[in-house]
Amino acid sequence: MSEAGSGATLLEVRDLSVRFRTRDGVVQAVSNLSYTLRRGETLGIVGESGSGKSVSNLATMGLLNRSYTDITGEILFEGTDVLKLRQEQMRRIRGKDIAMIFQDPFASLHPMYRVGKQLAEAVLAHEDVSRDAAWNRAVELLEAVGIPNARARARDYPHQFSGGMRQRVMIAMALVHNPDVLIADEPTTALDVTVQAQILELIDRVKREFDCGVILITHDLGVVAETASHVLVMYAGRPMEYGPAQEIFTGAQHPYTWGLLESMPTVEKRLEILVPIEGSPPSLLHPPSGCPFHPRCKYRFEPCDGERPPLFRLPDGHLDACYLPPERKRELWTKRIGAELGVT
Amino acid sequence: MLIYIARRLVWTLVVIFVVVLITFVVFFKLPAGDPALRFAGRSPTTAELALIRHRLHLDKPFYTEFGYFVKNFFTGDSNGWPGLGYSYEGDIPVLQEIEQRAPRTLFLIAGAGIIWLIFGVAIGVTSAVKRRSIVDRVAMGFALFGISAPVFWLGLMSLFIFWKELHWTGGSGYVPLTQNPAAFFSHLILPWIVLALLFMAVYARLTRGNLLETLGEDYIRTARAKGLSERAVIFRHGLRASLTPIATIFPLDLAQLVGGAVITETVFNLQGLGWLAVNSVFTQDLPTVLGVVLLGAVCVALANLVADILYAFLDPRVRYA
C-alpha cells in the first residue's frame, strides 16, 4: 500500500460482513470488506446504490439496528473494536470521535427546531457546558462553515435555508467535537451542481483545519477524483478494487471500475461516447456465483462464474478482485479505456 | 397572523349562521306536530292557540321568524344576553336551561379529555418504542377493544361492576362540585373513563403510528448520529414531531362532544347538553334545539380556529398570512 500522505491509522475495517434478516430471506449487504483510514486522508468509497457503501459506514457509526442485522469482522477505531462496544459506550463515540454527514440535507435536520438549537444540542450531547456556551459554539461553527450572518441565522429553522446552506449546517454539526473521523455519505447528491463543488471544497478544507480523516461515500468517481487519497470501489457489497486514487485513475484494474470511468462525463468527453454499464446490479438476496459483476462484464471468461475471485495484490500495492491476467488488463486499458479517457 | 385570525373569525360567524339557518329550515320543513299545541299544554282553546301562534311568530313566514330569532339573539331578552327565548316545554328560558346543563357536560368532557390525552399518548409511545413486543400487542389489543366496545354497554357494565357489586364509585346522576366534591368525583369517574376509553384507543393508535413513522425519518438518524441518548432521540425528536397532529385534533374532539356525548350522558343520567338536545328534538322544542345547536356550532368553529393556530405555533413550517 502506498505510504503517501499517511498519518496515524484512525479506522481499520477488517473482513466486515453485514447481513440483514428480512421476511424474504437474508440480504448479504456487505461481504468481506477491509479498508484503512489514516489521519489527514480522504478515502473515497465508490459504488452504485445498494453496493453496501452506506451500510458499512452505518455499521461504523453503530447506527444499524442489531435486532435484525448480523455483523461479523472488526471495525477498529484507534485500536478498539467498535462492534464489541455496548450501546452507551458507542453513543459516547458517536458524534464526538466519529461524525457523519448524510445525503439529504432537506430531510436530515429536524424541521421543528432552530438550527442553532440543533447544533447546541450536539454540543451538549458530549460536553457539560451551559446552554449559552453551547449556543455560542453553534454560532462559531456556523461561521466556520461559511454561513453569513451566523448569529442571526442560528435562530432560523431549517426550511429557511437553501440545500447547500443546510449541508453546511450538517457539516458544522459534525464538527462540533472536532472528530477524528468524518464520514460523508453522498454529501453532494441532493445538491445543485454549482453548490456541489463548494461543499466538496469545504469538506476538504475542514479535513485540513480539523486534522481528521474523511470517508467520502459517493456513486460518482468525479467527486472522488478531486480530493480522495485512496479509492475503494464496491459492487454488490464486495470490494472490487482498492488503492491510491492516483493509481485508480491512471491504471484501473477492474472491468467494473472501467465501466464507472467510461460512464463518467468530463468536459472533454462528448455525450455520445459515454458508455453505460449494461444491466443492473444483482439482488443481494440471491447474489450470483463467482464474481458478482460477471453477468454484466464485457470481459468475462471461464473462471468468472465459479470461485469468487480473491483480492489480488498488485506490485504497486493496489488490490483488485478480477481474474483477467495483468497483461490483458494492461492491453485493454491502453487500447480502449485509457485512450478514451485521455490517460495512458 | 392577527389578520389571519380576524379573517377566520368572520368566517366562523358565517359558518355558525349557516348552521343555525339549516337547523331552522329543517324544523320548519319537517314538522311532526304543531309547536303551538305543545306550548299551550292540555286542551287549549282555538283563541289561545291563535294567540300563542302570534306570540311565537308561528303565523308568519319562516324567514320572518328566523329574523326575529336573530334579532332577539343579538339584542337579548328578559333573561339576558344572548336572547334564546323560551322552551316550548314548561315555559323555561332556554338560556337558563343551557346554563344548568352546560357544567355537567363541560366537566364530563374536561375530565375525559385529560384522561384520554395522557393515557392515549402514553400507551401509543410505549407501543411504538416496544414495537412488536408483548407490551405492544397487549396495548393494541386493548385499543381495538376500546374502539369496538359500545359506550352504552361499557357504561352499564361499569355501573354494574363498580357501583352495584363493588361499591367503589357513586352511581348514575350528577352532584355539583360545590355541593359535595367527593360525590362529584365519585359520580363522574365512571363516565370519564367510559367516554375516554374510545378516544384513548384512537389516540394510542394515532400516536403509535405517527411515532413509528417519525422514527424512520432521516432527522432521527441525525439525532442518533449526534450521540444523543435513546431517550432524547425518542422524546425530544420523535415525539415532538409526531404529537403535532394529535395536538391539533384534540380541541376538535373536545368541541364535538359539547353536544355529542349523548350516550354517555344518558347511560349515566348526567342530563347534560347532548341529552337536552336529543330530548328537545323528540318534543319538537325548537328554541332549545336551536340553543344547543348554536352552542355546539360555536364550540366546533372556535376549536377549529384554535387547532389551526396551534398547528402554526407547533410547526414552524406552517405560517398563515
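Rule-based calculations on the coordinates, nothing more; no lab input. For clarity, every value in this text was computed on a predicted model and none was experimentally measured. When we count neighbours, we look across all protein chains shown, and the Cβ atoms used for this are built from the backbone with ideal geometry, even at glycine.
In whole angstrom, the protein assembly as shown maps to an equivalent ellipsoid with semi-axes of 71, 26, 24, each derived as √(5λ) from the alpha carbon gyration tensor and ordered largest first. The calculated FRET efficiency for B:LEU49 paired with B:GLN179, based on their beta-carbon distance and R0 = 41 Å, is about 0.50. A P(r) calculated from all alpha carbon pairs of chain A, with 20 Å bins opening at zero, reads 29, 56, 14, 0 percent.
Relative to the longest principal Cα axis of chain B, at what angle does helix B:46-55 sit, 0 to 90 degrees, rounded to 10? Roughly 50 degrees, rounded to the nearest 10. Computed on chain A, with alpha-carbon pairs under 8 angstrom and 6+ residues apart, the relative contact order is 20 percent.
Treating cross-link reach as a plain straight distance, find the lysines whose alpha-carbon is under 26 Å from the alpha-carbon of A:LYS207, omitting any fewer than eight places away in the same chain. Once the sequence-local lysines are set aside, what remains near A:LYS207 is A:LYS53, A:LYS96, A:LYS117, B:LYS226.
For the stretch A:17-141, the Kirkwood estimate of hydrodynamic radius, built from reciprocal distances between every pair of different alpha carbons, is 16.8 Å.
Applying the Kirkwood pairwise sum to the alpha-carbon positions of chain B produces a hydrodynamic radius of 22.6 angstrom. Cross-link partners for B:LYS130 among the lysines, with Cα-Cα distance under 17 Å and sequence neighbours closer than 8 places in the same chain left out, do not exist in this structure.
Looking at the protein assembly as shown alone, DSSP beta bridges between its own residues are antiparallel in about 65 percent of cases. Taking only the Cα atoms of the stretch A:130-238, the ratio Rg/Rh comes out at 1.00, with Rh defined as the Kirkwood radius.
Computed from phi, the 3J(HN,Hα) profile of the stretch B:269-286 under the Karplus parametrisation 6.51, -1.76, 1.60 (θ = phi - 60°) reads 6, 8, 6, x, 5, x, 4, 4, 4, 5, 4, 5, 5, 4, 9, 6, 8, 3 Hz, with x in place of Gly and Pro.
Amide H to amide H distances under 5 Å link B:TYR86 with B:VAL94, where only residues 5 or more positions off or on other chains count and H is placed in the peptide plane. For the stretch A:101-176, the alpha-carbon radius of gyration amounts to 0.97 times the rule-of-thumb value 2.2 N^0.38 Å expected for a compact globular protein.
The lysines whose alpha-carbon is closer than 28 Å to the alpha-carbon of B:LYS71, local same-chain residues fewer than 8 away aside, are B:LYS29, B:LYS60.
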